[in-house]
Amino acid sequence: MFYVYILRCNDNTLYTGFTVDLERRIKTHNKGMGAKYTRGRLPVELVYKEEYKTKSEALKREYTLKKLNRIQKLKIIKGEKA
């Protein structure tokens, strides 16, 4: 399974990423060994995830989510249409 996720950082910013092991990836972020963006914004909290069967689908969705602004991402997190 492939995952696209959104984290809420300690400074209330949002980070979007992709992984094959969601639990391990969040632990890695919180150890300060994840993305450079999250290292200075710890701890992070998982606020949204989607599952995909193929890597291609997940990467396309990650790209789409990363292009959204904060308000649009917050709507998705709440389950609303962005």
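The values are calculated or read from the model by the stated rules, or taken from the named source; none is laboratory data. Please read these numbers as outputs of a predicted model, since none were measured by experiment. Cβ atoms come from the backbone with ideal geometry, glycine included; neighbour counts cover every protein chain shown.
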Quiz item: Which residue out of 65, 59, 42 is touching a residue at least 60 places away in the same chain (Cβ under 8 Å) and surrounded by 11 or more Cβ atoms within 10 Å (Cβ to Cβ)?
Solution: 65
Practice problem: Go through segment 1-38 and give me each residue that's of a type in the set (Lys, Arg), outside any strand (DSSP E or B) and modelled with pLDDT of 95 or more. | Solution: 24, 25, 27, 31
Exercise. Identify the residue in segment 28-39 that is under 11 Å from residue 9 (Cβ atoms) and polar (S, T, N, Q) and, among all such residues, is surrounded by the fewest Cβ atoms within 10 Å (Cβ to Cβ).
Key: 30
Quiz item: Which residue pairs have Cβ atoms closer than 9 Å, lie 6 or more positions apart in sequence or on different chains, and pair a first residue in segment 1-27 that is closer than 13 Å to residue 48 by Cβ and free of Cβ contacts under 8 Å to residues at least 24 places away in the same chain with a second residue that is of a type outside the set (Ser, Thr, Tyr) and surrounded by 13 or more Cβ atoms within 10 Å (Cβ to Cβ)?
Solution: 26/7; 26/34; 26/44; 26/46
Quiz item: All but one of (1) touching a Gly at 6+ places or on another chain (Cβ under 8 Å); (2) among the basic types (Lys, Arg); (3) closer than 21 Å to residue 79 by Cβ hold for residue 49; which doesn't?
Solution: (1)
Quiz item: So which residues in segment 68-82 are of a type outside the set (Lys, Arg) and either assigned to a helix (DSSP H, G or I) or surrounded by 14 or more Cβ atoms within 10 Å (Cβ to Cβ) (or both), if there are any at all?
Solution: 68, 71, 72, 74, 76, 77, 82
Quiz prompt | Members of segment 45-56 that are touching a residue at least 24 places away in the same chain (Cβ under 8 Å) and not acidic (Asp, Glu) | solution = 46, 47, 48, 49, 52, 53, 54, 55
Quiz prompt | Residue among 55, 78 that alone is within 15 Å of residue 8 (Cα to Cα) and charged (D, E, K, R) | solution = 78
Exercise. Give the number of residues within segment 1-27 that are surrounded by 12 or more Cβ atoms within 10 Å (Cβ to Cβ) and within 19 Å of residue 77 (Cβ to Cβ).
Key: 18
Exercise. Assess whether residue 49 counts as being touching a strand residue (DSSP E or B) at 6+ places or on another chain (Cβ under 8 Å), in a helix (DSSP H, G or I) and not aromatic (Phe, Trp, Tyr).
Key: no
